[in-house]
Amino acid sequence: MSPRRPVLRVVAATVAAAVVTACGTTDSSKSGARSDGAGPRTLRWDVPAPGRPGIDGNFQPIFHGRTPFLPGDSYIVWNNLPGGSHEHIFCVIARQTPRRTFWCTRTYVTRSGQIVAAGDEQPTGTLPVVGGTGAYAGVRGTATDHLGRHGGPITIRVR
Amino acid sequence: MSPMRSGAALMMIAVAILIAACGGTDASGSAADTASTMRLHAHRTKFQPIYQSKQGSRPGDAFVASSEIAGGGHKEAYCVFSPRRRTSWCAVTVVLPRGQVTAEGVFTNAPRAAGEIAVLSGSGAFEGARGTLRTTGVAAADESITVRLL
C-alpha cells in the first residue's frame, strides 16, 4: 500500500464526519421545534355534533346593522375539539354577491402548540396554514374544516 | 509530493467541501439567514376599545392597542374577545427600522393576553420570516416582547 492511501482514507473519513456533524447541527438549529425530525404531519379530529352553547363552543356575531351577515360584519366562533384542543374562527364578510367572500382566520390550540390558518373561506373548507407555535412553530400546509350542524372532520396537514 | 504535503492539500480541499456543503444548506431557506431572537420593550401609547357590549371585554368586543418600541419602531395589536371564557384572538404587527414582523394567534388569559403566538411572515430584513412572538401582555402599559425567528 502506498503511503498516500491511509492519508486519503483519513481525510475522506474526516470530511464525511465533519459534513454530517456540521450540517446536522445547522439543520436542527434552523428547524427548531417544528421538525422533531418528523417531516409531514397530519392531525385529524372527528368533531361530534355541537354540544351546549357556551360549554362546548359558541358563535358570536359582530354585526353592525339589523340585517345580519352584511359586508363589514364579522363573527368569532369557538369549538372545543376532542382531546382538549379548541378552535377559534374569526371572519370578516367582504361581500355576499355575486360570490360570497369571507376573509377568515382559524387558530387550532392544541397541547403541543397552536396552528394558524388564514385566507378566503372556500366551499372546500380548506385554508392555507401560515404558522404555528410550540411543536408547530414555522409550519406550512393546509387546514380543511367540514364542521356542520352534525359535526364533522377537521384535517390539518403540515410540514 | 511528500505524503505530509499531500495530506495538507487534501485537508484544505476537505475544508472547502465542508464550507460549500453547509453553505448550500443555508441558501435553501431564506428565513434561516435571519435566524435570531429579538427582545423588545414596548410602551403603550394608545388603547382604542371597539366594544359592542356595554360592559366591554365581552365576546365580540375588540380593541386596537398601539405601543412605541424602545430603540425605534412601534407595535400594533388588534384583538377580538372569543366566546370562550378568558380567550381572545389577536393579530400583532411589530414595525422596526429594518422591517415588519406579523404574528397571529389565540391567548387564553384575556384580557391580559400574554403568551406565545405564531409569527406568520415579515418584510424587509424579516422577509419570509417564521417563528414565534412571546408577549407579557399585548395591551399592557409596559410590555416585553420576544420574537424568535427560525
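Please treat every number below as a calculation from the coordinates, not as lab data. Not measured: the values here are computed from a predicted model. Backbone-built Cβ (ideal geometry, glycine too); neighbour counts: all protein chains shown.
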Report summary line: In nm, the gap between the two label points placed 7 Å beyond Cα toward Cβ at B:Gln48 and A:Gln122 is 3.4 nm
Query raised in the report: Roughly what would the spin-label model give for A:Val92 and B:Ala141, points 7 Å off Cα along C-beta, in nm?
Result: 3.1 nm
Requested in this report: Return the long-range amide H neighbours of A:Gly152 (sequence gap of 5 or more, or a different chain), with a cut-off of under 5 Å between placed amide H atoms.
Outcome: A:Val47
Report summary line: Relative contact order in percent for the stretch B:39-150 (Cα pairs under 8 Å, 6+ apart) equals 22 percent
Requested in this report: Distance between Cα centroids, the stretch A:80-159 to the stretch B:40-60: provide it in whole Å.
Outcome: 25 Å
Query raised in the report: Which value in nm describes the separation of the simple spin-label points at A:Thr42 and A:Ile55, placed 7 Å from the Cα toward the beta carbon?
Result: 3.3 nm
Query - Loop-located trypsin sites (Lys or Arg not before Pro) in the stretch A:41-109 whose Cβ has at most 10 other Cβ within 10 Å (DSSP) - result: A:Arg66, A:Arg99
Query - Qualifying trypsin sites (Lys or Arg not before Pro) for the stretch B:68-105 [loop in DSSP, other Cβ within 10 Å: at most 12] - result: B:Arg85
Query raised in the report: Taking Cα centroids, how far is the stretch B:72-121 from the stretch A:56-77 in Å?
Result: 21 Å
Requested in this report: Name the long-range amide H neighbours of B:Ser121: under 5 Å, sequence gap of 5 or more, or other chain; modelled H, no Pro or chain starts.
Outcome: B:Thr102
**Report entry** Farthest toward positive dipole pole in the stretch B:43-139 [+1 Lys/Arg, -1 Asp/Glu at C-beta], among B:Gly137, B:Gly71, B:Gly99
**Finding:** B:Gly137
Query - the stretch A:61-109: relative contact order as a whole-number percent, Cα under 8 Å and 6+ apart - result: 30 percent
Query raised in the report: Convex hull over the Cα atoms of the stretch B:57-150, averaged projected area in nm²?
Result: 5.4 nm²
Query raised in the report: Taking the stretch B:74-138, which GluC sites (Glu not before Pro) meet the DSSP loop condition and have no more than 14 other C-beta atoms within 10 Å?
Result: B:Glu127
